[in-house]
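Reading through the structure tokens given below for one structure.
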């Protein structure tokens, strides 16, 4: 069904392959790429205000005039053709110069936003990939629990038939098995949705994914100080850089609006030709070169209002920059704690797994010899399954936190995907 949905052949993939296919097929990143290309044009558009403007104009008119005289009406018709070419070279237009500077900053802002989109793509690919692996782990743990509960149910029924246990043991085992059946249905549904989420990013659905190698040990990222990561985030985070550029643009917009009060000076050169075809070969030509000075005097208060608006927007940009720095610092701290706490949690859950497995083995043995009841076995089996699921989620969340830490510091890239991909195997 998934293959038909995406019209592509199913095949295996690792994280690096998923990342590379997402670069080509992810719709959100494609939109960001188009936005970046549009941003590049801002520099060219704003630069045009400093360059010569050349225009050509042609006009053909017919005039008809009727006179009343003593001898009768006299009608006079005349055709006029006018051709002109004009060159305007701005000499002093401070507003255009400020807009040119804004154009460069807008192009830089587009590049910064593209970097943000790239890092978001990397995180979305990794998160979608790990969500599939985690959903598979959850389904595997639930299936193991269902098998164990089915065995316990069969054992309880057999012991009840021979009179070793009460009917309550059978009912408890049946209830536990039914709960696991419901968990299995939900786990299958979650896995299906996780696969579709990955296919949304990649553009296709792989047949299976490479998984984490068993027994891997995650390490604390270097430098091993959260303050170093926070400092890097407040300086190199791409969202912070984008907001800094937005502040520069807002500052130039203030200058741009203030420049509307200033005079402008242009060099104007023109060539004109005027013809009257109905009067034989009458034609006149003229050329002119001169300076044009324009001085705005009053626009109903609009120019001053624009300037005040731009000043307020600059204050807004300053506040948003401070907020983005705080957000970047918080993101770095959250990701750091996610990595450090995640590593500790993984170690604790691995110990809990060993203890839970021992508890299952001992309770099963105790049930056989009659020192444990059915509910004891069912509870420890459920605890083992829950611990397996928590351990799986903790591993993937820790790796995602590591990638988010790199993103907060503005250093997330393909090399980080390659490092995580090295932890995968068949």
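The values are calculated or read from the model by the stated rules, or taken from the named source; none is laboratory data. In this text, all values refer to a predicted model and were calculated from it rather than measured experimentally. Neighbour counts run over all protein chains shown; Cβ positions are idealised from the backbone, glycine included.
Looking at region 370-409, which of its residues are at pLDDT below 95 and not in a helix (DSSP H, G or I)?
Once the filter is applied, which keeps residues that are at pLDDT below 95 and not in a helix (DSSP H, G or I), region 370-409 yields 370, 371, 372, 373.
Among (1) surrounded by fewer than 18 Cβ atoms within 10 Å (Cβ to Cβ); (2) under 20 Å from residue 26 (Cβ atoms), which single condition is residue 222 missing?
So residue 222 meets the others, but not (2).
Being over 37 Å from the mean Cα position of the chain (by Cα) and in the same structural domain as residue 229 (by TED's automatic domain parsing) narrows it down to one residue among 276, 308, 354; which is it?
354
State the number of residues belonging to region 78-126 that are out of contact with any strand residue (DSSP E or B) (no Cβ under 7 Å at 6 or more places or on another chain) and farther than 30 Å from residue 423 by Cα. Even if it seems obvious, please write down each step before you answer.
Filtering region 78-126 down to residues out of contact with any strand residue (DSSP E or B) (no Cβ under 7 Å at 6 or more places or on another chain) leaves 94-95, 97-126.
Cutting the leftovers down to farther than 30 Å from residue 423 by Cα gives us 94-95, 97-113.
Of the residues in that region, 19 qualify.
Kindly indicate whether any position in region 295-303 is surrounded by 15 or more Cβ atoms within 10 Å (Cβ to Cβ) and over 30 Å from residue 147 (Cα atoms).
Looking through region 295-303, at least one residue is surrounded by 15 or more Cβ atoms within 10 Å (Cβ to Cβ) and over 30 Å from residue 147 (Cα atoms).
Which condition number does residue 351 fail, the rest of (1) surrounded by fewer than 18 Cβ atoms within 10 Å (Cβ to Cβ); (2) in a helix (DSSP H, G or I); (3) touching a helix residue (DSSP H, G or I) at 6+ places or on another chain (Cβ under 9 Å) being met?
The one condition residue 351 does not meet is (3).
Regarding region 83-93, can at least one residue be identified that is at pLDDT below 95 and assigned to a helix (DSSP H, G or I)?
no
When you scan region 152-271 for helices (runs of 4 or more DSSP H) that lie fully inside it, which ones turn up with 2 or more residues that are more than 30 Å from residue 389 (Cβ to Cβ)?
226-236, 238-259
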